[in-house]
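To start, the structure under review is shown below, and the notes come after it.
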Amino acid sequence: MTNNDIIRSIRYSFGLSNPEIIRIFALGGLSVTQEEAAVWFKKEEDPEFKPLNDLRLATFLNGLITWKRGKKEGEQPVPEKKLNNNIILRKLKIALDLRDEEILEILGRSGRRISKHELSAFFRKPGQSQYRPCKDQILRNFLHGLKM
């Protein structure tokens with residue numbers, strides 16, 4: 001999945017307008033114009049399309065956490081320069097205040113069944129032996145389940 005696919009899916013899942021998208025970016029610490037945001041939601045075939053980089057998506061996800069849960073006391077999280085599906089899934093879990101059972105239910109809505117042990121492996125540190133990378137299909141199913 002591309003970062004543009006991810007932000008597009010989040011936008012449709014929550015019915016976010018352009019001003020809300022810009023506000024969420026601001027909550028994450030990045031000032032974005034309407035014109036900048038608009039090109040990220042265009043289809044790849046469109047000549048005006050621009051890819052969304054990892055740092056900007058991480059900033060958006062941090063803003064989404066603040067938007068959904070309120071501002072964290074103390075130092076604000078620094079957006080990651082490099083994202084992977086595990087980090088994206090973790091940030092969505094935090095933003096939506098989801099428990100493992102709820103994530104499994106969301107995945108089940110899209111027809112994807114995994115065990116609680118498989119899910120917990122996605123949230124482990126990369127150096128641990130039980131760590132597993134979250135594949136695109138799992139993240140895609142999770143985002144699709146959110147829309148449902």
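The values are calculated or read from the model by the stated rules, or taken from the named source; none is laboratory data. Just so we're clear, the structure is a prediction, and the values are computed from it rather than from any experiment. Neighbour counts are summed over all protein chains in view; Cβ atoms, including those assigned to glycine, are modelled from backbone coordinates with ideal geometry.
So that you can scan it fast, the table gives a plain yes or no per residue for (1) within 25 Å of residue 145 (Cα to Cα); (2) in contact with a Cys (Cβ under 7 Å, 6 or more places away or on another chain); (3) aromatic (Phe, Trp, Tyr):
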residue	(1), (2), (3)
13	yes, no, no
18	yes, no, no
24	yes, no, no
29	no, no, no
35	no, no, no
40	yes, no, yes
46	no, no, no
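Taken over the stretch 30-73, the criterion of being among the small types (Gly, Ala, Ser) and modelled with pLDDT under 95 is satisfied by 37, 38, 70. Scanning the stretch 85-109 for residues that are more than 23 Å from residue 54 (Cβ to Cβ) and either crowded, with 17+ Cβ neighbours inside 10 Å or under 14 Å from the mean Cα position of the chain (by Cα) (or both) returns 97, 104, 106, 107. Selection within the stretch 111-120: residues that are over 18 Å from the mean Cα position of the chain (by Cα) and of a type outside the set (Ser, Thr, Tyr). The member of this set that is farthest from residue 141 (Cα to Cα) is 117.
Please list, ordered by residue number, the helices (runs of 4 or more DSSP H) wholly in the stretch 49-148 having 2 or more residues that are of a type in the set (S, T, N, Q). Break it down stepwise before answering.
Details: elements: 54-69, 85-95, 100-109, 116-122, 136-147.
Helices (runs of 4 or more DSSP H) meeting the threshold: 54-69, 85-95, 136-147.
Just one of the numbered conditions (1) out of contact with any Gly (no Cβ under 9 Å at 6 or more places or on another chain); (2) within 26 Å of residue 15 (Cα to Cα) is not true of residue 145: (1).
Hey, can you tell me all the residues within the stretch 2-38 that are surrounded by fewer than 15 Cβ atoms within 10 Å (Cβ to Cβ) and of a type in the set (A, V, I, L, M)? Answer for the stretch 2-38, where residues must be surrounded by fewer than 15 Cβ atoms within 10 Å (Cβ to Cβ) and of a type in the set (A, V, I, L, M): just 38. Checked against (1) more than 21 Å from residue 15 (Cα to Cα); (2) touching a helix residue (DSSP H, G or I) at 6+ places or on another chain (Cβ under 7 Å); (3) not basic (Lys, Arg), residue 139 meets all criteria but (1).
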